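The values are calculated or read from the model by the stated rules, or taken from the named source; none is laboratory data. Not measured: the values here are computed from a predicted model. Glycine gets a Cβ as well: all are built from the backbone with ideal geometry, and neighbour counts include every protein chain shown.
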Amino acid sequence: MAIPRFKSILYATDLGKNMRPVFRHAVSVAEQYQAKIIMLHVAQPLGATGRAALELYSPKKVKSLEHDAMKGILEKMQKRLEKFQRDELGEDSTLVGKMVAVVGDPAEKIWKFAASEDVDLIVVGSHTGSGFGSGFLGSTARKLINMSDRPVLVVPIKK
């Protein structure tokens with residue numbers, strides 16, 4: 001029986017205030033296995049309501065405005081990922097090998113990204129919301145567990 005080895009770990013984050021303990025779990029596993037961490041943030045695309053509001057103000061420029069807005073969001077998220085890593089690990093850490101921000105459905109993007117990078121483990125928080133039902137497993141974590149063909153470590157988020 002082969003014992004699993006983790007060489008690469010995908011840490012998927014929404015960069016919320018409760019995600020630092022989740023990252024620390026990814027760091028702990030990475031240090032134990034001398035693995036590299038890939039940090040991933042998935043921004044959800046503009047929904048139907050937002051698109052409709054844009055069309056009211058500028059119907060001919062919706063795609064251009066949406067593209068520019070998403071580009072700005074991704075650039076901002078990339079900077080936040082870099083700051084998050086510096087705050088947690090310091091300037092000289094080599095534990096994180098890559099940081100990526102993308103747009104799409106979070107569970108699907110995490111799953112596809114994990115496959116494309118051939119990671120050995122995915123680390124996510126149990127949920128991100130703080131409203132009704134936040135004590136239950138969040139929709140992204142639940143979907144990811146159901147679709148993933150690789151181990152998923154779901155770290156409970158405490159309020």
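Here are Ala2, Ala52: which of them is surrounded by fewer than 13 Cβ atoms within 10 Å (Cβ to Cβ), modelled with pLDDT under 95, assigned to a helix (DSSP H, G or I) and among the aliphatic types (A, V, I, L, M)?
Every option except Ala52 fails the conditions.
Out of the residues in the stretch 124-142 meeting the condition of being surrounded by fewer than 22 Cβ atoms within 10 Å (Cβ to Cβ) and part of a helix (DSSP H, G or I), tell me which one is modelled with the highest pLDDT.
Arg142
Any chance you could count how many residues in the stretch 78-106 are in contact with a Lys or Arg (Cβ under 6 Å, 6 or more places away or on another chain) and hydrophobic (A, V, I, L, M, F, W, C)?
The qualifying residues number 1.
Kindly provide the set of residues from the stretch 84-98 that are part of a helix (DSSP H, G or I) and over 15 Å from the mean Cα position of the chain (by Cα), ordered by number.
Arg86, Asp87, Glu88, Leu89
I'd like the residue in the stretch 5-43 that is part of a loop (DSSP other than H, G, I, E, B), of a type outside the set (D, E, K, R) and over 11 Å from the mean Cα position of the chain (by Cα) and, out of all such residues, is modelled with the lowest pLDDT.
Asn18
How many residues, within the stretch 65-111, are among the β-branched types (Val, Ile, Thr) and touching a Pro at 6+ places or on another chain (Cβ under 9 Å)?
Residues meeting the conditions: 1.
Each row is one residue, and each column tells you yes or no for (1) of a type in the set (A, V, I, L, M); (2) surrounded by 14 or more Cβ atoms within 10 Å (Cβ to Cβ); (3) touching a residue at least 40 places away in the same chain (Cβ under 8 Å).
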position	(1), (2), (3)
Arg80	no, yes, yes
Gln85	no, yes, yes
Gly90	no, no, no
Ser93	no, no, no
Ala114	yes, yes, yes
Asp118	no, no, yes
Ile122	yes, yes, yes
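Can you tell me how many residues within the stretch 105-120 are in a loop (DSSP other than H, G, I, E, B) and either closer than 10 Å to Lys143 by Cα or charged (D, E, K, R) (or both)?
So the count comes out to 3.
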